[in-house]
Amino acid sequence: CSITVFPCNSSTDEILSSNPDGILLSNGPGDPRDLTGIIPVAAELATCKKPVLGICLGHQLLALALGMEIYKLKFGHHGGNHPVKDMVTGKCCITSQNHNYAVSPDKVPGGINLTHINVNDKTVEGFRHDSLPVLSIQYHPEAAPGPEDSAYIFDDFVNMMKGARDDA
């Protein structure tokens, strides 16, 4: 993949003008609810028909953009040994995490399927949209050195981009 990095204050038009095959909303610090200028952009990107992958803060921003809620964890998830169950395959992988906020499972709009759950505290670790090419995970699949159990997420995203290119 060739990667173009945009500043967090980029508009939807600026991002889409590069005609990307896919869009990655990356990890970062802070309370996603404070990033009020980014949430509408995330909503527009999620509905632009381009494959979108959210990781950590990007996951939380996508959740907010799609009508879900965020809450602050009592202690947060930090470190490289968090078990996450993939609800699609039934497999459990060890993940690296570093966040203080989580997506609430209480307000999941229609069309969104929860795909990953934290084995320890049952927090939402991932979701996928039924009709939009949107995939989102809370943990860090790129964590190296660290667990590589969840690197398959990138394969899924690349396949989504290939499929979208083939459909165009």
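The values are calculated or read from the model by the stated rules, or taken from the named source; none is laboratory data. What you see is a predicted model; the values in this text were computed from it and never measured. With ideal geometry, Cβ positions are generated from the backbone for all residues, glycine too; neighbour counts draw on all protein chains shown. For the accessible areas, the whole protein counts, side chains as well, though only heavy atoms, and no ligand, DNA or RNA atoms are used. Shrake-Rupley method; radii C 1.70, N 1.55, O 1.52, S 1.80 Å.
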Give the number of residues within the stretch 81-115 that are free of Cβ contacts under 8 Å to residues at least 40 places away in the same chain, hydroxyl-bearing (Ser, Thr, Tyr) and open to solvent by less than 30 Å² (accessible area, probe 1.4 Å). 2
Based on this model, can you work out whether MET68 counts as crowded, with 16+ Cβ neighbours inside 10 Å, closer than 21 Å to SER2 by Cα, of a type outside the set (Asp, Glu) and in contact (Cβ under 8 Å) with a residue 12 or more places away in the chain? no
Working carefully through the options THR47, THR4, THR12, find the one that is surrounded by fewer than 12 Cβ atoms within 10 Å (Cβ to Cβ) and over 12 Å from TYR139 (Cβ atoms). THR4
Conditions (1) assigned to a strand (DSSP E or B); (2) in contact (Cβ under 8 Å) with a residue 12 or more places away in the chain -> LYS74 fails only (2)
I'd like the residue in the stretch 9-37 that is of a type outside the set (Asp, Glu) and in contact with a helix residue (DSSP H, G or I) (Cβ under 6 Å, 6 or more places away or on another chain) and, out of all such residues, is farthest from ARG165 (Cα to Cα). PRO32
Given (1) in contact with a helix residue (DSSP H, G or I) (Cβ under 6 Å, 6 or more places away or on another chain); (2) closer than 16 Å to LEU25 by Cα, identify the lone condition not met by ILE70. (2)
Positions within the stretch 5-58 being part of a loop (DSSP other than H, G, I, E, B) and polar (S, T, N, Q), in sequence order: ASN9, SER10, SER11, SER17, SER18, ASN19, SER26, ASN27, THR36, THR47
When residues of the stretch 142-168 are limited to those that are under 16 Å from GLY54 (Cβ atoms) and at pLDDT 85 or above, the one least open to solvent (accessible area, probe 1.4 Å): ILE153
